[in-house]
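Encoded as structure tokens, the structure appears first; notes follow it.
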Amino acid sequence: MLKQPATKYRPFAPIGLQDRTWPDAVLTEAPIWLSTDLRDGNQALVEPMDAARKLRMFELLLSIGFKQIEVGFPAASQIEYDFLRKLIDEKRIPDDVTIQVMTPAREELIARTIEALRGAPRAIVHVYNAVAPAWREVVFGMTVPQVMELVARSVTQVRRLTDAAPQTEWTLQYSPETFSLAELEVSAQACETAIAAWGEGRTIILNLPTTVENATPNVFADQIEWMSRRFGQRPGVVLSVHPHNDRGTGTAAAELSLMAGAHRVEGCLFGNGERTGNLDIVNVALNLYTQGVSPGLDFSNIDEIRATVEHCNQLPVHPRHPYVGDLVYTSFSGSHQDAIRKAFAAHEAGDIWEIPYLPIDPKDLGRSYEAVIRVNSQSGKGGMAYLLESEYGLALPRRLQIEFSQIVQRVMDVQGKELSATDLWQIFRDEYRLDTEDGLQHRVQEVQGSGSDAVTVLHGELRWRGEAHAIRGRGTGPIDAFSRALGEVCGHAIRVVDYHQHAMGAGADARSVAYVEMRVDDSRTLFGVGVDADTTAAALAAVVSGLARVADRSPEQAQSQPEPVAVAA
């Protein structure tokens with residue numbers, strides 16, 4: 001019998017931090033952000049960026065507002081070295097931006113890295129070495145004392161070389177690589193060794209990565225709080241985190257680590273990086289935004305940012321990717337659409353954003369409301385009504401929404417594809433005969449009596465099915481009078497049940513749209529719709545629309561299409 005695969009894995013032991021405080025913490029300010037797109041993100045690409053794409057990415061990061069950017073691994077290749085020199089020699093680094101470069105704890109690579117930075121106004125030198133048991137024992141064959149000796153020797157070399165170049169403002173970043181899988185005491189010892197070699201009180205960033213996610217994010221938060229108690233209040237020490245996303249919890253790990261005392265977060269735009277990627281820095285930043293905390297980064301044109309990142313990385317962003325995907329602000333579900341439509345109708349400018357299913361206002365990110373509601377076979381009346389109102393100015397009464405949704409559903413059952421607002425508008429125009437030439441021509445109205453005794457006498461010429469008919473009708477108003485006259489010509493008994501009307505557009509281009517709910521021959525209730533510059537003409541056209549819908553259906557069609565179910569408003 002085969003063993004279950006789970007038997008070969010060992011759960012990560014809890015930290016045992018019984019008095020942890022991070023669960024009650026509330027994030028009230030943004031951390032220091034560092035983009036690693038040009039280094040960690042770039043080295044994860046099948047085809048690493050050339051100089052032109054690296055420069056375009058660098059300029060994008062500046063426009064977003066990053067003040068710390070890891071620009072590369074200059075000792076790794078000539079392209080990386082030359083790009084760094086281009087930024088320095090052409091003075092492309094703004095005065096308020098600090099570049100960062102990375103190097104392993106190896107003597108020749110450290111020397112090459114510091115050489116590449118000559119003339120830079122400010123720089124962070126990022127030195128790392130692995131400290132977890134599997135790496136130090138299996139990969140490198142080192143003991144803990146040997147690891148500490150390596151840290152001390154490497155940081156001392158960085159200090160000696162940077163002290164010889166005082167024209168640059170230097171900061172050391174030390175990463176106990178594989179921190180999340182290492183013993184906390186070993187990681188702390190490595191950090192203490194780096195601080196001592198760099199000099200107590202001098203600015204040092206202790207970067208604590210989840211090089212490979214190995215536990216739930218609360219365990220990482222415990223690790224960070226443990227380290228924060230040890231180093232968080234030390235002069236010159238900045239606690240930084242660099243989450244990866246192997247378990248799909250990189251965002252949670254970053255947020256909980258900030259609650260646990262981290263000051264700084266490293267990540268990539270939209271989560272590019274090795275394996276399942278680095279932390280998505282956009283995700284964390286905009287999560288803050290939705291909690292009323294300014295992230296200090298500008299994502300007000302997120303579609304342009306995405307296009308640039310896709311060009312530079314040669315990787316697509318998934319349509320369901322948080323905040324930026326093509327479909328993340330889109331609802332197909334009828335119940336969702338109805339809730340969104342009602343909330344939009346009640347929302348006023350300046351109100352707190354409380355729109356169902358939309359945690360953020362798409363317009364804050366440069367997106368429109370155009371794609372918020374899209375119609376497919378899962379959609380309902382609310383979504384269709386929203387699209388017709390937002391795109392064409394039609395405010396359909398509730399029962400008309402129900403009727404029209406059934407019409408659209410029948411089209412959807414045949415076509416089986418998504419319908420756009422344009423598609424819905426064409427179905428609506430066809431179904432409600434908005435392009436018909438039938439209707440009343442050259443009408444004359446005469447009002448007799450007053451008050452409750454008033455009677456409207458209407459007569460004129462009616463065009464119906466291509467033929468002209470002289471008509472005359474009497475009723476309590478023009479709609480009643482016309483319905484009686486039309487019924488006599490067409491051989492149907494017409495009774496108007498309900499009537500709604502509103503303006504479409506404004507100014508000289510304004511038109512009136514009328515919705516008439518009518519009962520025909522006491523056998524069928526349905527709507528007619530009319531549009532005209534004149535309000536009365538629109539109402540009469542709506543009566544013609546409804547009767548034409550009845551006349552165009554065979555008895556078999558009428559029986560196969562039951563009346564809409566009446567739903568209380």
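The values are calculated or read from the model by the stated rules, or taken from the named source; none is laboratory data. Small disclaimer: the values here were computed from a predicted structure and weren't measured. Cβ atoms come from the backbone with ideal geometry, glycine included; neighbour counts cover every protein chain shown. Keep in mind that these areas ignore ligands, DNA and RNA; they rest on the heavy atoms of the full protein, side chains included. Shrake-Rupley method; radii C 1.70, N 1.55, O 1.52, S 1.80 Å.
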Calculated FRET efficiency for the pair Y392/R474, C-beta based, R₀ 25 Å, to 0.05: 0.10
Residues whose placed amide H lies under 5 Å from that of I32, excluding near-sequence neighbours: R264, V265
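How long is the gain from T436 to V455 if the chain were fully straight, where each residue apart is worth 0.36 nm and the alpha carbon distance is subtracted? Each step should come with its number before you reach the end.
Details: separation 19, 0.36 × 19 = 6.84 nm, distance 2.92 nm.
Residue separation times 0.36 nm, minus the Cα-Cα distance, leaves 3.9 nm.
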Rounded to whole Hz, the Karplus (6.51, -1.76, 1.60) HN-Hα couplings of the range 390-405, x for glycine and proline: 6, 9, 10, x, 8, 9, 5, x, 4, 5, 5, 4, 5, 4, 5, 4
Ranked by how many other beta carbons lie within 10 Å on average, peptides 416-424, 235-243, 318-326 from highest: 235-243, 318-326, 416-424
Nearest-ten-degree value, helix 144-163 long axis tilted from longest Cα axis of the chain: 90
Quotient of Cα Rg and 2.2 N^0.38 Å for the range 70-143, N being how many residues it contains: 1.29
Spin-label pair A345/F140, simplified geometry with 7 Å Cα→Cβ offset, distance in nm: 6.5
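When only C-alpha pairs under 8 Å and at least 6 residues apart count, what is the relative contact order of the range 22-142, in percent?
Working: 135 pairs, mean separation 24.9, N = 121.
Result for the range 22-142 is 21 percent.
On a full-extension model of 0.36 nm per residue, what is the gain between R275 and H311, subtracting their alpha-carbon distance, rounded to one decimal in nm?
Details: separation 36, 0.36 × 36 = 12.96 nm, distance 2.00 nm.
That works out to 11.0 nm of additional length.
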The chain - accessible surface per residue (Å², probe 1.4 Å): 46
Debye log10 I(q)/I(0) at q = 0.25, 0.26 Å⁻¹ for the range 305-367, Cα point scatterers: -1.10, -1.15
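Of the heavy-atom accessible surface of the chain (probe 1.4 angstrom), what whole percent is carbon and sulfur? Each step should come with its number before you reach the end.
Details: 13170 of 26290 Å².
Of all accessible area on the chain, carbon and sulfur atoms account for 50 percent.
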Difference of contour (0.36 nm per residue) and Cα-Cα distance, Q406 to D96: 105.6 nm
Cα pair count fraction exceeding 39 Å, expressed as % - the chain: 48
On Cα atoms only, tilt of 302-313 relative to the major axis of the chain in degrees: 50
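If you count, for each residue, the other Cβ atoms within 10 Å and average over each peptide, how do 15-25, 97-107, 404-414 line up from highest to lowest? Don't skip to the answer; put the middle values down first.
Details: 15-25: 12.5, 97-107: 19.9, 404-414: 16.5.
Sorting 15-25, 97-107, 404-414 by mean packing, highest first, produces 97-107, 404-414, 15-25.
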Nearest 10 degrees, 0 to 90: helix 107-116 Cα axis against the chain principal axis: 60
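Inverting the mean 1/r over all pairs of different Cα atoms, compute the Kirkwood radius of the range 111-210 and quote it in Å. Mind dumping the intermediate values first?
Working: mean 1/r = 0.0720 Å⁻¹.
Its Kirkwood hydrodynamic radius stands at 13.9 Å.
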Inter-label distance for R202 and D509, nm, one decimal - labels placed 7 Å from Cα along Cα-to-Cβ: 6.8
Partners for K54 among aspartates and glutamates (Cα-Cα distance below 17 Å; same-chain residues under 8 apart left out): D37, D40, E70, E80, D82, D89, E90, E304, E310
